[in-house]
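Below: the structure, in structure tokens.
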Amino acid sequence: MFPSPEPEAAGTTTPLHSPAHVDRGQGGLVNLFAPDAVADPMSIYEQLRARYGPVAPVLVADDLPAWLVLGYRENLEVARTSTRFTRDSRVWNLYQEGKVPADSPLLPMTEGKPMVRFAEGDEHRRLRSAINDSLAGLNRRGIRRHVTQFADHLIDSFCGAGKADLVTQFAQYLPMLVMARLLGIPDEAGPPLVKGTQDLVTGARSAVASNEHIVSTLRQAVAQKRAQPGNDIASWLLGHPAGLSDMEVVQNLRVALVIGNETTISLIASAIRMVLTDPRFRASLAGGHMTLPDAVEQILWDEPPFRTLVGRWAVADTEVGGQKIKAGDLMLLGLAAGNVDPAIRPDLNAPLFGNRSHLSFGGGAHECPGQDISRAIAETGIDTLLVRLPDLSLAVDENELHWHSAWVTRHLATLPVTFAPRHPAASGQSPLRPAPQTRIPQSVTPESIGTATWRRPESSLIPSRWTSLLRRFLRRP
């Protein structure tokens, strides 16, 4: 199925962190779950690129073989060509042959379920239309109000101390609290879901149990919304003309929670770190050359929240990147590797102001539909933080920061900061209590889109005060 690595020339020495020094299974292939590969993935990607080209044979959990797509153009080719590479995991040859263990950490991300992520053709269009219509109904000002409310309460919990860890006390919880509100999940269920989603993306052995907890929570929420619809995405999906079943709604909400939460945690943490530590970033912002949305796109190029995206399978024998792919082979989209492909980014230090052509949200028909919500949560959350605490400073040397890495994701594990202690804002409402929601139609129909009663997405999700705020922040002593 996979080519064997070429033997090294006599007398050569393989450098540290090359594939030869990473845990290797059948055929001497690199295992992406190996500790060294998880700790230093970019080095591994470049070694694989040099050895195999834009598509490399690798191993994943339980020494199962797969193909890692490293090239930018090759990633788009796989993502956009559904006639050759499908999302329908039922064609996975290893699964059909019974070689995937029942407790494999790959199963929550690969086992076919009634959701848009695994659908193709007419079924994909049916589910995607319901999701797109429901997302289009969100009032972007309402999203920012929710973000600001939850961000204020999180900041209130630590602002009097004069110090905080902005990952574990802020970034780790803000996205889930906001998304729970938007999706129609009870607010108090948000914090317990954080660990469950992390188990799924890290490939922990507890991933299967965590997935069951997430699905159980969503089942309860959907049952409640079926009986009593509200102004939320779960209710709109249930009422959409596409006729989604309760389980289809549950599974599509599950994808939104897992992918959206992990992506936005990473965006928030990385953006704050850049503001606090990167001289080029600070100089550009201070001079008015780089807006926060520009900076977020730069982060998505350089530090994509999902380094690898699981889930394309070859429909038939084919070829991509010079490699012969067999029908049913698992393809891994190497988003981080594709974003730094020398073929499209010969100079990695060159800024990419506002360029959204990165791979961080996937591509093709399955490109992430909620990416602008992730951007809005990150940007508005950071806005609120810097307004409340404009004197933030990193509490440790940048080299002392630690990263939380898994085979598909990477984000800061901690971000300790200091600031002058302040009194809480005392807004008076707990983020774990329901708040008044923006009035939006309770069901979505194609005819309702664009009418006077329908709230369409705004062209800008970013508060206009960003430029003056950041200039003031960056000019401080």
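Summed over segment 61-90, residues that are of a type in the set (Lys, Arg) and touching a helix residue (DSSP H, G or I) at 6+ places or on another chain (Cβ under 7 Å) total 2.
Hey, can you tell me all the residues within segment 76-90 that are surrounded by fewer than 18 Cβ atoms within 10 Å (Cβ to Cβ) and in a helix (DSSP H, G or I)? The answer is Arg80, Arg90. Residue pairs whose Cβ atoms lie under 6 Å apart, separated by 6 or more positions or on different chains, with the first residue in segment 310-334 and at positive phi and the second small (Gly, Ala, Ser) and crowded, with 21+ Cβ neighbours inside 10 Å, are Gly321/Gly71. Selection of first residues in segment 295-307 that are without any contact (Cβ under 8 Å) to a residue 40 or more places away in the chain and of second residues that are hydroxyl-bearing (Ser, Thr, Tyr), restricted to Cβ pairs under 6 Å at least 6 apart or on distinct chains, gives the following pairs, ordered by first then second residue: Ile299/Ser270.
Scanning segment 154-209 for residues that are assigned to a helix (DSSP H, G or I), modelled with pLDDT of 90 or more and basic (Lys, Arg) yields a single hit, Arg181.
Out of Ile214, Ile143, one residue alone is within 19 Å of the chain's Cα centre (by Cα), at pLDDT 85 or above and over 30 Å from His423 (Cβ atoms). It is Ile214.
Among the residues of segment 321-354, those that are within 16 Å of Ala56 (Cα to Cα) and touching a Gly at 6+ places or on another chain (Cβ under 9 Å) comprise Gly321, Gly322, Gln323, Leu330, Met331, Leu332, Leu333, Gly334, Leu335, Ala337, Gly338, Asp341.
Residue count for segment 355-376, restricted to those that are among the charged types (D, E, K, R) and assigned to a helix (DSSP H, G or I): 2. Identify the residue in segment 314-354 that is in a loop (DSSP other than H, G, I, E, B) and of a type in the set (Asp, Glu) and, among all such residues, is modelled with the lowest pLDDT. So, considering only residues that are in a loop (DSSP other than H, G, I, E, B) and of a type in the set (Asp, Glu), the one modelled with the lowest pLDDT is Asp347. Being crowded, with 20+ Cβ neighbours inside 10 Å, part of a helix (DSSP H, G or I) and of a type in the set (Lys, Arg), is that true of even one residue in segment 61-73? No, the conditions are met nowhere in segment 61-73.
In segment 271-302, the residue that is modelled with the lowest pLDDT out of those that are touching a strand residue (DSSP E or B) at 6+ places or on another chain (Cβ under 7 Å) and closer than 30 Å to Leu32 by Cβ is Thr277.
In the set (1) closer than 30 Å to Arg125 by Cα; (2) outside any loop (DSSP other than H, G, I, E, B), the condition left unmet by Glu379 is number (1).
The combined condition, being touching an Asp or Glu at 6+ places or on another chain (Cβ under 9 Å) and over 24 Å from Arg87 (Cβ atoms), is not fulfilled by Pro346. Would you check which residues across segment 91-108 are touching a helix residue (DSSP H, G or I) at 6+ places or on another chain (Cβ under 7 Å), among the hydrophobic types (A, V, I, L, M, F, W, C) and in a helix (DSSP H, G or I) and list them? Once the filter is applied, which keeps residues that are touching a helix residue (DSSP H, G or I) at 6+ places or on another chain (Cβ under 7 Å), among the hydrophobic types (A, V, I, L, M, F, W, C) and in a helix (DSSP H, G or I), segment 91-108 yields only Leu107. Of all residues in segment 336-357, exactly one satisfies the criterion of being of a type outside the set (Gly, Ala, Ser) and under 30 Å from Asp122 (Cβ atoms), namely Arg356. Each residue in segment 182-224 was checked for being crowded, with 17+ Cβ neighbours inside 10 Å and in contact with an Asp or Glu (Cβ under 7 Å, 6 or more places away or on another chain), and 9 pass.
For first residues located in segment 85-106 and among the hydroxyl-bearing types (Ser, Thr, Tyr), partners that are at pLDDT 95 or above and not in a loop (DSSP other than H, G, I, E, B) and lie 6+ apart or on another chain with Cβ distances below 6 Å form the pairs Thr86/Trp313.
The values are calculated or read from the model by the stated rules, or taken from the named source; none is laboratory data. This one's a predicted model, so the numbers in the text were calculated from it and none came from an experiment. Ideal geometry is used to build each Cβ from the backbone, glycine not excepted, and the neighbour counts take in all protein chains shown.
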